[in-house]
Amino acid sequence: MALVTGAGRGIGQGLALGLAAEGAKLVLNDLDEGPVNDTVQQIKAAGGQAIGIAGSVTDPSLASQLVDAAKSEYGDLHIIGTCAGFIWDGMIHRMTDDQWQGIIDVHLTGTFRVVRESVSFMREKAKAEKEANGNAMARHIVTVSSLSGFGNLGQANYAAAKAGIVGLTRTVALEGAMFNIMANSVAFGLIDTRMTRSQETQNERVGEAVQGIPEQAREKLMATVPLNRPGSVEEAVGPMLFLASDHANYVSGVLLEVNGASHIT
Ligand SMILES: NC(=O)c1ccc[n+]([C@@H]2O[C@H](COP(=O)([O-])OP(=O)(O)OC[C@H]3O[C@@H](n4cnc5c(N)ncnc54)[C@H](O)[C@@H]3O)[C@@H](O)[C@H]2O)c1
């Protein structure tokens with residue numbers, strides 16, 4: 001039983017499809033109803049089970065809607081992946097309070113709320129399992145950070161949120177340990193999604209925030225990637241599936257960098 005936010009596109013959609021292929025039953029969320037329903041349909045068409053709940057992770061009631069759905073539909077929650085997000089870039093001297101807060105709200109507070117609600121339910125299940133069998137099964141929280149969390153031009157808001165997610169996740173790793181809850185984060189570099197495709201050709205927005213990277217800046221960025229190409233969604237999802245699996249039952253509090261070796265350059 002797994003919960004994925006931002007599951008209508010890109011990495012979140014890839015994670016949902018990957019988990020479904022491994023037999024997970026899913027609660028999926030996205031801001032946009034059409035895309036999340038599309039992911040649900042793809043999973044159902046392949047014989048899997050998923051329900052979609054459209055809504056923003058900035059809505060304080062969303063996290064409980066998602067976890068309640070996992071409780072009522074499946075009775076348990078083993079995995080969460082927090083992939084909801086967008087960018088709203090600008091140099092700090094021009095960054096508005098709305099721009100700052102909008103990104104902090106979605107990435108950091110949105111992740112916090114979904115993780116808080118999930119941990120609360122996971123602890124209950126773990127306590128019951130410990131009482132019944134002496135130990136609790138491993139449960140896995142996978143949050144999404146970014147190479148930008150170490151600092152990136154034009155992304156003071158996003159960098160702060162993504163760095164915050166690392167501290168949040170490491171704390172959850174400590175607090176969750178006695179309940180056998182693993183919490184890890186993945187810091188992606190350049191992955192080929194709406195967030196990083198050429199701004200000029202895709203013309204995509206979230207509200208007033210333009211998605212993507214200006215073509216020239218994208219080319220410069222690509223030149224710093226030793227593998228010399230963006231990662232695919234599947235290549236981004238593989239390490240998340242590992243962290244969500246029983247292969248990672250002794251891995252917690254880790255920040256896994258998935259960036260084609262960019263962190264070396
Ligand atoms: N693509 C990259 O290179 C890259 C690099 C580092 C980190 N990330 C992170 O990976 C995650 C997934 O991004 P992606 O690259 O797949 O982008 P994407 O735009 O393809 O997908 C993001 C999804 O999140 C949804 N979303 C946006 N705001 C939301 C909200 N308030 N509530 C619920 N859903 C919301 C969008 O509708 C979209 O479907 C994000 O957290 C992003 O910051 C991406």
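Between Ile92 and Asn152, full extension at 0.36 nm per residue minus the direct alpha carbon distance yields a gain of 20.5 nm. Expressed to the nearest 5 percent, the antiparallel share of DSSP beta bridges inside the chain is 10 percent. Between the helical axis of 110-133 and the longest alpha-carbon principal axis of the chain there is an angle of about 20 degrees. Using a probe of 1.4 Å, the accessible surface attributed to Val258 totals some 30 Å² when neighbouring protein chains are kept in position. Pop out the carbon and sulfur fraction of the accessible area of the chain as a percent, whole number, probe 1.4 Å. Its accessible area is 52 percent carbon and sulfur atoms.
Taking 0.36 nm per residue of sequence separation and subtracting the Cα-Cα distance, how much length would be gained by fully extending the chain between Arg194 and Ala132, in nm to one decimal? This chain segment gains 17.7 nm when fully extended. Rounded to the nearest angstrom and listed largest first, the equivalent-ellipsoid semi-axes of region 38-86 from its Cα gyration tensor are 19, 15, 10.
The label point for Gln65 and the one for Thr265, both projected 7 Å from the Cα toward the Cβ, are 4.2 nm apart. Normalised by residue number, the volume inside the convex hull of the Cα atoms of the chain is 122 Å³ per residue. Ellipticity at 222 nm from helices only: DSSP H runs of n ≥ 4 in the chain, each -39500 (n - 2.57), divided by the residue count, give -13500 deg cm²/dmol. Taking the C-alpha atoms only, the angle from helix 233-243 to the longest principal axis of the chain is near 40 degrees. Per residue, the chain exposes 46 Å² of solvent-accessible protein surface, assessed with a 1.4 angstrom probe and all protein chains in place. What is the sum of charges around Ala183, taking Lys and Arg as +1, Asp and Glu as -1, for the other residues whose C-beta is under 13 Å from the C-beta of Ala183? Every neighbour counted, the sum reads +3. Only protein heavy atoms count here; on that basis, with a 1.4 Å probe, Leu17 has an accessible area of about 60 Å². If R₀ is 30 angstrom, what is the calculated FRET efficiency for the pair Ala217 and Leu255, using the beta carbon separation as r and rounding to 0.05? Result of the calculation: an efficiency of 0.75. With everything on Cα atoms, drop me the angle between helix 62-74 and the longest principal axis of the chain, reported from 0 to 90° to the nearest 10. Computed tilt is about 40 degrees. Derived value for region 138-220: Kirkwood hydrodynamic radius 14.3 Å. Basis is the mean of 1/r over every pair of different alpha-carbon atoms. Each of Ile264, Ile80 has its accessible area taken with a 1.4 Å probe; listed largest first, they run Ile264, Ile80. Reducing region 22-90 and region 97-131 to their Cα centroids gives an inter-centroid distance of 14 Å. Of the whole protein surface, Asp38 contributes about 70 Å² of accessible area at a 1.4 Å probe radius.
Its Cα gyration tensor gives region 215-260 an equivalent ellipsoid; the semi-axes, largest first and in whole Å, are 28, 11, 7.
The values are calculated or read from the model by the stated rules, or taken from the named source; none is laboratory data. Fair warning: this is a prediction, and the values are worked out from it, not measured in the lab. Every residue, glycine as well, gets a Cβ built from its backbone with ideal geometry; the counts of neighbours run over all protein chains shown. Remember, those area values only see protein heavy atoms, side chains included, never the ligands or the DNA or RNA. Shrake-Rupley method; radii C 1.70, N 1.55, O 1.52, S 1.80 Å.
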